[in-house]
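What follows is a single structure, written as structure tokens, with notes after it.
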Amino acid sequence: MKIIIINGPNLNLLGKREPEIYGNQSFEDYFLTLKSKYPELELSYFQSNVEGEIINKIHEVGFECDAILLNAGGYTHTSVAISDAIAGVSTPVLEVHISNIYKREEFRHKSIITKECVGMISGLGLRGYELGLQYFLTT
């Protein structure tokens, strides 16, 4: 099974940025843990702070992967274009958020992309990515 994790803006700063919200581990280190824990999966990872690059990556992999785990970061709340990209591909997308978006500022309570995703995991820290993998392994 081929699964890609796509992370949006500022997630390259995990382990450094607001550790009280996002923790102390870099995503790259966590990704290595996922790869070793799930050797049966063909896992890949992409991160960009640029909306168009995220859209291009969804278009590139959205007909060849078995699943996409997407943490669109701040674009979750603003990007009609990312929502449209998800709608335009056949690969199922699961939305992931490290923090509980409903315990944060009011503007973060609305996700533009959720309606195009198979579901959303929010507030379970980095473990949300692993739970997303488990979901796709069992469906």
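The values are calculated or read from the model by the stated rules, or taken from the named source; none is laboratory data. Bear in mind the structure is a predicted one, so any value in this text is a computation, not a measurement. So basically every Cβ, Gly included, is an ideal-geometry build from the backbone, and we count neighbours across all protein chains shown. Surface areas here come from the heavy atoms of the whole protein model, side chains and all, with no ligands, DNA or RNA. Shrake-Rupley method; radii C 1.70, N 1.55, O 1.52, S 1.80 Å.
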In the range 1-89, the trypsin sites (Lys or Arg not before Pro) that fall in loop regions by DSSP, at most 13 other Cβ within 10 Å: 16, 17
Accessible area (Å², per residue) of the chain, counting only protein heavy atoms and a probe of 1.4 Å: 48 Å²
Across all directions of projection, what mean area in square nanometres is found for the Cα convex hull of the range 70-139? 4.4 nm²
Restricting to DSSP loop positions (anything but H, G, I, E, B) with no more than 13 other Cβ atoms inside 10 Å of their own Cβ, which GluC sites (Glu not before Pro) remain in the range 12-41? 40
For residue 84, solvent-accessible area (1.4 Å; no DNA, RNA or ligand), Å²: 100 Å²
Using each residue's phi in the range 44-52, evaluate 6.51 cos²θ - 1.76 cosθ + 1.60 at θ = phi - 60° and report the 3J(HN,Hα) Karplus result to the nearest Hz, with x for Gly and Pro. 9, 9, 9, 9, 8, 8, 10, 3, x
If you roll a 1.4 Å probe over the range 38-108 with all protein chains in place, what percent of the accessible area is carbon or sulfur? 50 percent
Of 35/57; 37/57; 2/37, which sit over 18 Å apart, Cα to Cα? 35/57; 37/57
Report the normalised scattering of the chain as log10 I(q)/I(0) at q = 0.09, 0.12, 0.16 Å⁻¹, calculated by the Debye formula with identical scatterers on the alpha carbons. -0.23, -0.42, -0.77
Going through the range 51-139, which GluC sites (Glu not before Pro) have at most 14 other Cβ atoms within 10 Å and a DSSP loop state? 64, 105
Exposure rank, largest accessible area first [1, 120; 1.4 Å]: 1, 120
